[in-house]
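Remarks on the structure that follows.
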Amino acid sequence: DRESEFQDRLVEIFKEAIKGIRFNGIEFTDVKRGVPVDNREIDIVLFHSGGLPFLVLETKRKGRQTSKAINDPTSPDVLGQAISYVYLYENSGVHVPFFGAATPALCVVFRTPEDLQNFVNRSKVEERDYAGVIPFEKRRELLTSYVVLMEKPELRKEWVFKVLEKLSKEFREKGSAVIGLSWVLINRLRSFVDMLSEDIKPLLSVRMEKDKVLKSGLQKLKKELGFEPNTDSLARMMAYVLMNKIIFYKVLERKYKVRKLVELPTTLSGTKFKERLDELFDEAVSITGDFEPILKPDIYDHIPIPDDPAVLEKINGLITFLDYVNIDELGDAMGYIYQELIPERERHQLGQFYTPPSICELICEWAIGGADDLVLDPGCGSGGFIIKSYDMLAELKTGRTEVSEKVHTRILDQLYAVDINPFPAHLTAMNLSMRKVRAPSTNLNVVVRDFFTLEPNTTLYTSYTVKTPAGEVQRKIQLPQSFDAVVGNPPYTRWTEIPEPTKKSIRRYLGDVIRKYGLTPRQAGGVEPGIYVYWVMHAERFLKDGGRLAMIISNLWLQTEYGINFGKFLLDHFKVVSVIDFTLRQFDASISTCIILLEKC
């Protein structure tokens, strides 16, 4: 019933959109449900002049299936069924230019291959074994014919207008795909997160109340970060993490001697299914000696997978999809994909402020002066500044952003990223690693720590061991004595909102200098500096003489009494090159910002 309602609404919207309108000179005459072809019935067909079929759509309801997860419109089962109808039409002498599949959450459309008779497996069409209709080796070829992939259409007439504009233009020009493979991949990954996060929410809600390990992890997160994610945001973060782990493992398969990740039996329980995946991820950390911020991201790794074959099939679907997408050929575009993967609005919802790229560029271009500079972002978030720093160092070394494996490895040696939250640290590690997808280097300096607990020239030990000729040893990251550049966008937390463990660290490392400059917090006396004040003071300790600090911070200090004392600290420790105050707010209505450009002297 739900699928029937969806089909009725989709047909209604298409009819509203095509009424009395030509799209790039093409007139669409009708759209029908249940159109017969060779004793079968097509869910929806859009017709153009002469009553010829222009687009066939296979529809699937959003609800769960009892067997395969056929509510994924990019799965071989669904696309095989859709292209079968096109094949049957062609056998009767009628060419259909486009085919695709739709659910209430997602619609995908493909251009029909020119050699359709040789493209599909004819016997599978006759057997109605739709998963085998498109041979495995052909699936990647099909991806290049994506015409449009729109997420969450919400069945609006405006969405259908966009689809028909692009399809009609493609039909008239018969040129290349309207949307490149990178956007196909972005939207395919987004749809995976949308579906999986919804699937795990009911079980996650129960686990958050009853699972002792998860509860203690969330309590630790609240104590250290000052917030506890709700069910919705935690489900999405967990879905992102699992997706990233699967993608990155498929990348590692190409370079390291790790076992191949293949579809797992859907007869397994959700717990056993995850255990099988975790075995592979743990082995990969041990074999490579790195990548634990990606493959073992603490609390976000405790994703509850339901005992539902349909859910397991969705995860298997991603594994198979990545097998016939040659990630290597996307090369450095993968870094761009990861920057675009999480929409800006969702970054806010997940606690990750999105710094405009122009600001990241301004800050990094000013702060990084040499090809061998060591760069620190002590609150890296999802990696905007550290990725721009990578690009800057690449250009300084070679004159371009695309570099050799040797240069890529050297740049990673120069970049250090810190975040107290495992989720943004995970995203930064993914972003950095995918800058050179053909060479995922094992020297990521991504640290999950509270910045205020760190000191220069210290050795940080991770919780993982690595194999060496002398046996297994604990992996370590050595912080340099000093850095050439410290960049970033510190938190905007007020003193009263700072978690107690962080307050203790601030008092421990900065107590004397805070007292010297009259910046000891006194809520009753109206002295309540934001955490960014202490952030800058602590960051100064990590800079070499002549090193540069460039950050975007709150501008509240420019309007307060304690700001005068903070200004004295800056003048005593830095040459203040520039303070750039914004009239327009860069993030949201509650945050006014400025950029500080400082040279230590």
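The values are calculated or read from the model by the stated rules, or taken from the named source; none is laboratory data. The model shown is predicted, which means the values in this text are computed figures rather than measured ones. Methodologically, a virtual Cβ is constructed for each residue, glycine included, from the backbone with ideal geometry; neighbour enumeration extends over all protein chains shown. In case anyone asks, the SASA skips ligands and DNA or RNA and just uses the protein heavy atoms, side chains included. Shrake-Rupley method; radii C 1.70, N 1.55, O 1.52, S 1.80 Å.
Quick one: compute the contact order of segment 190-290, relative version, from alpha carbon pairs under 8 angstrom and 6+ residues apart, as a percent.
24 percent
Can you give me the solvent accessible area of TYR85 with a 1.4 Å probe, rounded to the nearest 10 Å²?
Probe radius 1.4 Å; accessible area of TYR85 about 10 Å².
Taking the Cα centre of segment 481-527 as origin, work out the dipole magnitude from +1 charges on Lys and Arg Cβ and -1 charges on Asp and Glu Cβ, in debye rounded to 20.
Dipole magnitude for segment 481-527 comes out near 260 debye.
Of the listed peptides 416-422, 120-126, what is their order by residue-averaged count of other C-beta atoms within 10 Å, with the highest listed first?
So the peptides 416-422, 120-126, ranked by packing, come out 416-422, 120-126.
Given a 1.4 Å probe and every protein chain left where it sits, what share in percent of the accessible area of segment 488-542 is carbon and sulfur?
Within segment 488-542, the accessible surface is 45 percent carbon and sulfur.
Can you give the extra length, in nm with one decimal, that the chain gains between GLU528 and LYS215 once fully stretched, where that is 0.36 nm per residue apart less the Cα-Cα distance?
Additional length available on full extension: 109.5 nm.
Can you send over the solvent-accessible area of HIS95, 1.4 Å probe, protein chains only, in Å² to the nearest 10?
Number for this one is 100 Å².
Would you mind counting up the charge near MET208? Only other residues with Cβ under 13 Å from its Cβ, with Lys and Arg at +1 and Asp and Glu at -1.
Net local charge, MET208 excluded: +2.
Ignoring ligands, DNA and RNA, what accessible area per residue does segment 515-568 give at 1.4 Å, in Å²?
I get 42 Å² per residue for this part.
Check THR29: other-chain or 5+ apart residues with amide H under 5 Å from its amide H, H built from backbone geometry?
PHE47, HIS48, SER49
Using 7 Å Cα-to-Cβ label points, what is the VAL206/ASP581 separation (nm, one decimal)?
Label-label distance for VAL206 and ASP581, simple model: 5.7 nm.
Restricting attention to the alpha-carbon atoms of segment 483-566, what are Rg (one decimal) and Dmax (integer), both in Å?
Taking only Cα atoms of segment 483-566, I get Rg and Dmax of 12.7, 39 Å.
Lysines within cross-link reach of LYS222: Cα-Cα under 27 Å, excluding same-chain residues under 8 positions apart?
Leaving aside lysines fewer than 8 places away in the same chain, those within reach of LYS222 are LYS201, LYS210, LYS212, LYS245, LYS274, LYS296, LYS476, LYS503, LYS504.
Using a 1.4 Å probe on the protein heavy atoms only, what accessible surface does SER233 show? Give it in Å² to the nearest 10.
20 Å²
Gap in Å between the Cα centre of segment 503-537 and the Cα centre of segment 220-255?
Using only Cα atoms to place each centre, the spacing works out to 33 Å.
For LYS157, list the lysines whose Cα falls under 27 Å from its own Cα; do not include residues on the same chain fewer than 8 positions away.
Straight-line reach from LYS157, under 27 Å: LYS15, LYS19, LYS32, LYS60, LYS62, LYS166, LYS169, LYS174.
Report the FRET efficiency, 1/(1 + (r/R0)^6), for GLN559 and LYS504, where r is their Cβ-Cβ distance and R0 is 25 Å, rounded to 0.05.
The formula returns an efficiency of 0.30 here.
Express the accessible area of segment 205-245 per residue in Å², computed with a 1.4 Å probe while the remaining protein chains stay in the model.
Heavy-atom SASA per residue in segment 205-245 reads 51 Å².
Can you check what the net charge comes to around ILE26, using other residues whose Cβ is under 11 Å from the Cβ of ILE26 (Lys, Arg +1; Asp, Glu -1)?
In short, 0.
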